[in-house]
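Computed from the coordinates by the stated procedures, all read-outs in this text should not be read as laboratory data. Since this is a predicted model, take the numbers as computed values, not measurements. All Cβ positions, glycine included, derive from the backbone under ideal geometry; neighbour counts span all protein chains shown.
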Amino acid sequence: MNEPPAPIRILVDGDACPVKDEIYKVAWRHEVAVVVVSNAPFRVPVHPLVRRVVVSDGFDAADDWIAEDAGPTSVVVTADILLADRCIKAGAQVLSPTGKPFTGNSIGSQIATRAIMADLRAGGDVIGGPAPFAKADRSRFLSSLDAALVRLKRG
């Protein structure tokens, strides 16, 4: 006897996510559950589709929870490249808060770039961080999340 597929969910790396309001908006329109995972409590909407999970403040505790819960019916929203890699390996679709998808084809080079930048910083080089979050990023994220949910619903 076949089990029904797991419900579609959005898992959010919530501590520094700048697009939580956009996630709720798209999730409600698609009637998809949202799980916001963080190390510290903060307000989330009181809504039957939204759940907040507060994990310990241990290193990578939120990442571990998300990676263990991610699967083929999940959309994960994170800016963390290493978490994105773990979630892709679990079969999840992964989006950055700017709306750019992390994929199996792109994640290797992104991890390598991250390592190079960490080495440069450790060596004392002053390098710029990510570009400031812009209105275009918010718009691209809305579109990307909507598209990811449509793909999952179609199977």
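Which trypsin sites (Lys or Arg not before Pro) from the stretch 1-108 combine a DSSP loop assignment with at most 16 other Cβ atoms within 10 Å? Could the numbers behind the result be given before it?
Numbers: sites: Arg9, Lys20, Lys25, Arg29, Arg43, Arg51, Arg52, Arg86, Lys89; in loops: Arg43.
Passing sites in the stretch 1-108 are Arg43.
Pull out the extension gain between Val53 and Asp15, defined as 0.36 nm times the separation in residues minus the alpha carbon to alpha carbon distance; nm, one decimal.
Details: separation 38, 0.36 × 38 = 13.68 nm, distance 1.12 nm.
Taking 0.36 nm per residue and subtracting the Cα distance, the gain is 12.6 nm.
As an exercise, take the mean of 1/r over every pair of distinct alpha carbons in the stretch 1-49, invert it, and state the Kirkwood radius in angstroms. Intermediate results must be reported in sequence, preceding the final value.
Working: mean 1/r = 0.0834 Å⁻¹.
Computed over Cα pairs of the stretch 1-49, the Kirkwood hydrodynamic radius comes out at 12.0 Å.
For the residues Val94, Val32, Val46, what sequence is obtained by ranking on other C-beta atoms within 10 Å, fewest first?
Lowest count first: Val46, Val32, Val94.
Which shape class applies to the stretch 18-89: rounded if a/c is under 1.5, otherwise prolate when a/b exceeds b/c and oblate if not, where a ≥ b ≥ c are the square roots of the Cα gyration tensor eigenvalues? Let's see the in-between values first.
Values: a/c = 1.93, a/b = 1.27, b/c = 1.52.
It comes out oblate by the Cα gyration axes.
List Val55, Val150, Val77 from most exposed to least, where exposure is judged by having the fewest other Cβ atoms within 10 Å. Could you put the intermediate results ahead of the total?
Working: Val55 16, Val150 10, Val77 29.
Going from least to most buried by this count: Val150, Val55, Val77.
Using 0.36 nm per residue, how much length does the chain from Glu31 to Lys153 gain when fully extended, once their Cα-Cα distance is taken away? Mind dumping the intermediate values first?
Numbers: separation 122, 0.36 × 122 = 43.92 nm, distance 1.10 nm.
Length difference between fully extended and current span is 42.8 nm.
Starting with the fewest neighbours, write out Glu68, Glu22 ranked by other beta-carbon atoms found within 10 Å of each beta-carbon.
Exposure proxy ranking, most exposed first: Glu68, Glu22.
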